[in-house]
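Here's the structure, in structure tokens; my notes come after.
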Amino acid sequence: MAHRKVLRWIGLGTLLVALLFVNGCTRPINRTAERRIREALPSLLGPAKAYRVHVESSPLNTLSGRLAHVLIDADDLQLPNGLLLQHLHLDLKGVDFDTQHKQLRHIDSAHFQAVVDENALTLYLIGQETEELNLRDLQVHILPNNILQIAGERTVLGVGVPFSISGPIRLMGPDRIELDPDRLTLVGIHVPDLLFGFIKSRFESAITFSNLPFPIRLTSLHTQSGQLFLEGDADVGKMADAVNRRVQEASQGVVYSN
């Protein structure tokens with residue numbers, strides 16, 4: 001009888017320890033995983049003002065590298081082409097990481113939302129070579145209903161003459177958007193085709209994700225005053241390959257720069 005009581009108390013003690021482990025240690029264990037992911041993000045996505053990571057998973061699964069849900073947020077993320085994203089939100093589900101071999105095995109899905117503001121687009125546009133084309137004071141205005149306006153001045157005989165080009169933007173392929181060339185409106189002086197093409201192509205080169213370390217697919221866009229919102233999905237297979245390359249480079253002491 002005493003032996004059975006001892007076994008019962010041992011069993012009860014084991015259960016209590018397990019419950020304490022599950023309930024009390026979830027956040028410390030997940031916070032460690034969050035910190036490690038956060039430290040790897042600059043080499044994978046690029047420099048940002050701030051990264052935030054939240055892991056949702058049981059502690060036992062986290063310890064074995066199986067993360068049910070990973071949320072990543074980046075503020076002022078610089079893309080490889082120099083454009084600054086105001087905000088990026090990544091929603092990863094079913095992340096499976098081999099902790100022994102340091103390899104990302106699989107991700108079920110990866111959805112993203114990105115926000116670009118008109119100030120970042122303006123800075124990108126005026127950072128290009130515009131003086132030799134007699135352009136100055138270029139500004140980008142993002143308007144509701146997916147309308148974009150690019151305004152500025154063109155110097156004619158030493159005098160700056162204002163103009164603006166406006167029209168709808170639309171998805172153009174899986175990783176870029178464009179100003180619809182058939183629905184653009186010009187106000188002000190005549191802009192030669194060379195300048196018109198330059199302004200249009202410079203804007204479109206800003207919103208491109210073709211040089212990211214893994215492919216993405218844009219699925220929707222919409223605008224409100226001053227901001228452009230983009231949504232899409234990442235190629236999870238190529239994302240895993242990119243992560244594994246960065247892990248391997250880090251282990252070999254390779255410094256990677258976007």
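The values are calculated or read from the model by the stated rules, or taken from the named source; none is laboratory data. Quantities reported herein were computed from a predicted structural model and do not represent experimental measurements. Note that each Cβ is placed from the backbone with ideal geometry, even for glycine, and that neighbours are counted across all protein chains shown. Each accessible area value is taken on the protein alone, full model and side chains, heavy atoms only, with ligands, DNA and RNA left out. Shrake-Rupley method; radii C 1.70, N 1.55, O 1.52, S 1.80 Å.
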Query - When residues of the stretch 233-258 are limited to those that are of a type outside the set (Asp, Glu), at pLDDT 75 or above and open to solvent by 50 Å² or more (accessible area, probe 1.4 Å), the one nearest to the chain's Cα centre (by Cα) - result: Lys238
Query raised in the report: Among the listed residues Ser58, Ser64, Ser43, which satisfies the condition of being surrounded by 15 or more Cβ atoms within 10 Å (Cβ to Cβ) and either in contact (Cβ under 8 Å) with a residue 60 or more places away in the chain or at positive phi (or both)?
Result: Ser43
Query raised in the report: Any residue at all in the stretch 104-125 that is at pLDDT below 85, closer than 30 Å to Val156 by Cβ and in contact with a strand residue (DSSP E or B) (Cβ under 6 Å, 6 or more places away or on another chain)?
Result: yes
Requested in this report: Those residues that are open to solvent by 70 Å² or more (accessible area, probe 1.4 Å), farther than 30 Å from Asn244 by Cα and modelled with pLDDT under 85, I need them from the stretch 186-232; list them, please.
Outcome: Leu186, Val187, His190, Asp193, Leu194, Arg202
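Go over the candidates Ile126, Ile107, Ile147, Ile142 one by one and state the one that is open to solvent by 20 Å² or more (accessible area, probe 1.4 Å), among the β-branched types (Val, Ile, Thr) and in contact (Cβ under 8 Å) with a residue 60 or more places away in the chain. Please lay out each step first, then the result.
Numbers: Ile126 fails: in contact (Cβ under 8 Å) with a residue 60 or more places away in the chain; Ile107 fails: open to solvent by 20 Å² or more (accessible area, probe 1.4 Å); Ile142 fails: open to solvent by 20 Å² or more (accessible area, probe 1.4 Å).
Answer to the selection: Ile147.
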Query - strands (runs of 3 or more DSSP E) wholly inside the stretch 65-149 containing at least 1 residues that are under 19 Å from Pro162 (Cα atoms) - result: 135-143
